[in-house]
Amino acid sequence: MHELPVTKSILEIVLRHAAANGVERVSAINLRVGALSDLEPEWLQSYFDHISGGTPADGARLRVRRSPLTFRCGSCSAEFDAARESLDRVACPDCGSGDASVVAGTSYTVEAMEAA
Amino acid sequence: MSDTTLIDIKEEILSENRELANQLRSELESRRVFLVNLMSSPGSGKTSLILQTLSHLQPSYRMAVIEGDVDSAVDAERVTKEGFPAIQLKTGGSCHLTAAMVEKGLQALPLDSLDLLFVENIGNLICPVSSDTGANLNVAMTSVPEGDDKPLKYPRIFQASDAFLVNKTDVADHFDFDVAEFRRRVRRLNRDAPVFEVSCKTGQGIVEWCAWLRGRIEGHG
């Protein structure tokens, strides 16, 4: 359900850029989604297919690139990336401290589109 | 592949909502109204927390509540029964409040005679966090029976909020909620945000939470 407003926003952004660039058919859309964002690519694509019917983005493939989850160590200030699954047992690769906090991983952007 | 062109976009998704939220924030700032957005699962005790907070902060501030619900008015009725203005927004199935919905609530309230406004978001830990309401402060609440692993399951809301409450501490003896573990998990996602342990039933911790909130409101100017 929560993918729907996101999908509408993606379509609106893409159609606006398609019109501005005189694009008649969009074949693919590149998205960048933070590791912490709850977004199911399959649902996103299926909503998109549904709402983009009859527009220049009809049939466009959504390519989701997950941006990494970045932590900063509370002891030595080193920054490092880790998988979301390791959230509860993350340790700084430099000093081994477990006192690290997330500093990035929540992006939500339309990066580019492919015009056919 | 030579017949395709890559067009650069680099635009934030849901930026339209964020722009409206920013407008609401400036509008509220010019009228000196401080907006607090409260988020939690269904049943954590959002309405009870708001009622406790209103009762503790009066008569320092003139306060009102915008209640979000899918399709009922029971929360707004509870608030108005206590003598505070409340607007009920029915989202008709949508799982979170958008800036546009909050704007409707604001239009129905006497903003010039208010200092502090609460938005009670739809009970949900996923969707509300992606939709800026125009609030000055985002607060997320969980409760003892829900377990201490919510930050692991819904990290985004814990990463994006300014303060956290753990409600229902009065029943802590009956559950395995590990507060130290919960605090550690929150800190991993949000280093500086405070965590308040409260019971809306007994009033425990409400004074500390309200003192902090008062500091944020006064600090905002």
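Need the full-extension length gain, residue B:191 to residue B:212, defined as separation in residues times 0.36 nm minus the C-alpha distance. One decimal, nm. Present the calculation step by step, with values, prior to reporting the outcome.
Values: separation 21, 0.36 × 21 = 7.56 nm, distance 1.69 nm.
In short, 5.9 nm is gained.
Run the dipole for the protein assembly as shown about the Cα centre, Lys and Arg Cβ at +1, Asp and Glu Cβ at -1, nothing else charged, and hand back the magnitude in debye, nearest 20. Please list the in-between numbers first.
Numbers: 35 positive and 48 negative charges, 82 e Å.
My answer is approximately 400 debye.
Which of rounded, prolate, oblate describes the protein assembly as shown, given a ≥ b ≥ c as roots of the alpha-carbon gyration tensor eigenvalues and a/c under 1.5 marking rounded, otherwise prolate only if a/b is larger than b/c? Spell out each step's value before the answer.
Details: a/c = 2.11, a/b = 1.35, b/c = 1.56.
Oblate shape, in that a/c is at least 1.5 and b/c is the bigger or equal ratio.
Rounded to the nearest 20 Debye, what is the dipole magnitude of chain B about its Cα centre when Lys and Arg each give +1 and Asp and Glu each give -1 at the C-beta? Intermediate results must be reported in sequence, preceding the final value.
Numbers: 24 positive and 32 negative charges, 86 e Å.
The calculation lands at about 420 debye.
Pairs of alpha-carbon atoms within less than 8 angstrom and 6+ residues apart define the contacts here; what relative contact order does region B:33-220 have, in percent? Show your work: numbers first, answer last.
Numbers: 353 pairs, mean separation 47.2, N = 188.
Here the relative contact order equals 25 percent.
Once the mean 1/r over all distinct Cα pairs of chain A is inverted, what Kirkwood radius in angstroms do you read off?
About 15.8 Å for chain A.
Please find the FRET efficiency linking residue B:173 to residue A:81, where r is the Cβ-Cβ separation and R0 is fixed at 45 Å, and quote it to the nearest 0.05.
Working: r = 41 Å, r/R0 = 0.90.
So the FRET efficiency works out to roughly 0.65.
How much mean residue ellipticity at 222 nm does chain B get from its helices, if each DSSP H run of length 4 or more adds -39500 (n - 2.57) and you divide by all residues, to the nearest 500 deg cm²/dmol? Don't skip to the end; give the middle numbers.
Numbers: 8 runs with 81 residues, N = 221.
After summing the helix terms and dividing by the residues of chain B, the value is -11000 deg cm²/dmol.
Give the long-range amide H neighbours of residue B:197: residues separated by 5 or more places, or on another chain, with amide H under 5 Å away, using H modelled in the peptide plane at 1.01 Å from N.
B:166
Using a 1.4 Å probe and counting only protein heavy atoms, how much accessible surface gets buried when A and B come together, both sides summed, in Å² to the nearest 100? Before the final figure, lay out each step's value.
Details: alone 6860 and 11350 Å², together 15020 Å².
It comes to approximately 3200 Å² buried between A and B.
Can you compute the modelled spin-label distance between residue B:30 and residue A:63, with each label point 7 Å from Cα toward Cβ, in nm?
For the pair residue B:30/residue A:63, the computed spacing is 4.4 nm.
Apply the Karplus curve 6.51 cos²θ - 1.76 cosθ + 1.60, θ = phi - 60°, to the phi angles in region A:9-24 and return the couplings in whole Hz, x for Gly and Pro.
Taking θ as phi minus 60°, the curve returns 5, 4, 4, 4, 5, 5, 5, 5, 6, 5, 5, 5, 9, x, 8, 8 Hz for region A:9-24.
Provide, as a two-decimal number, the C-alpha radius of gyration of region B:33-220 over 2.2 N^0.38 Å, N being how many residues it has.
Values: Rg = 15.5 Å, N = 188, 2.2 N^0.38 = 16.1 Å.
For region B:33-220, the normalised Cα radius of gyration comes out at 0.96.
Treating only the Cβ atoms of Lys and Arg (+1) and Asp and Glu (-1) as charged, compute the dipole magnitude of region B:69-114 about its Cα centre; round to the nearest 20 debye. Provide the component values of the computation, followed by the final result.
Values: 4 positive and 7 negative charges, 8 e Å.
That gives a dipole near 40 debye.
Which lysines, on any chain, are close to residue B:201 with Cα under 20 Å apart, when same-chain ones fewer than 8 places away are left out?
Correct list for residue B:201: B:46, B:81, B:168.
What residue among B:21, A:7, B:126 has its Cα farthest toward the positive end of the dipole of the protein assembly as shown, where the charges are +1 on Lys, Arg and -1 on Asp, Glu, each on the Cβ?
With unit charges placed on the Cβ atoms, the residue in question is B:21.
Can you pull out the trypsin sites (Lys or Arg not before Pro) in region B:138-217 that DSSP calls coil and that have at most 15 other Cβ atoms within 10 Å? Please list the in-between numbers first.
Numbers: sites: B:153, B:156, B:168, B:183, B:184, B:185, B:187, B:188, B:191, B:201, B:214, B:216; in loops: B:168, B:191, B:201.
Sites meeting the loop and neighbour criteria: B:191, B:201.
Rounded to the nearest Å, what's the spacing between the alpha carbon centres of region A:52-96 and region B:103-168? Just the number, please.
Cα centres, region A:52-96 to region B:103-168: 24 Å.
Tell me the trypsin sites (Lys or Arg not before Pro) within region A:16-116 that lie in a loop according to DSSP and have at most 15 other beta-carbon atoms within 10 Å.
On the way: sites: A:16, A:25, A:32, A:61, A:63, A:65, A:66, A:72, A:84, A:89; in loops: A:25.
Hits after loop and neighbour filter: A:25.
Looking at the square roots a ≥ b ≥ c of the eigenvalues of the Cα gyration tensor of region B:159-221, which shape do they give, rounded for a/c under 1.5, prolate if a/b is larger than b/c, or oblate?
Values: a/c = 3.44, a/b = 1.26, b/c = 2.73.
In terms of gyration-tensor shape, oblate.
Just name one of B:58, B:142, B:41: the one whose Cα is farthest towards the positive end of the charge dipole of chain B (beta-carbon charges, Lys/Arg +1, Asp/Glu -1).
The listed residue farthest towards the positive side: B:58.
Leaving out ligands, DNA and RNA but keeping every protein chain, what accessible area does residue A:86 have, in Å² rounded to the nearest 10, with a 1.4 Å probe?
Ignoring ligands and nucleic acids, residue A:86 comes out at about 30 Å².
Using Cα pairs closer than 8 Å and at least 6 residues apart in sequence, work out the relative contact order for chain A, in percent.
After rounding, I find 35 percent.
For region B:25-77 and region B:188-216, compute the distance between their C-alpha centroids and round to whole Å.
15 Å
Please report the orientation-averaged projected area of region B:1-52, defined via the convex hull of its C-alpha atoms, in nm². Could you put the intermediate results ahead of the total?
Values: hull surface 29.2 nm².
Orientation-averaged projected area of the Cα hull: 7.3 nm².
Mean-square fluctuation check for chain B, GNM, Cα pairs under 10 Å: which of B:96, B:56, B:174 is largest?
Looking only at B:96, B:56, B:174, the biggest GNM fluctuation is shown by B:174.
The values are calculated or read from the model by the stated rules, or taken from the named source; none is laboratory data. Since this is a predicted model, take the numbers as computed values, not measurements. Cβ atoms come from the backbone with ideal geometry, glycine included; neighbour counts cover every protein chain shown. Heavy atoms of the whole protein, side chains included, go into the accessibility calculation; ligands, DNA and RNA do not. Shrake-Rupley method; radii C 1.70, N 1.55, O 1.52, S 1.80 Å.
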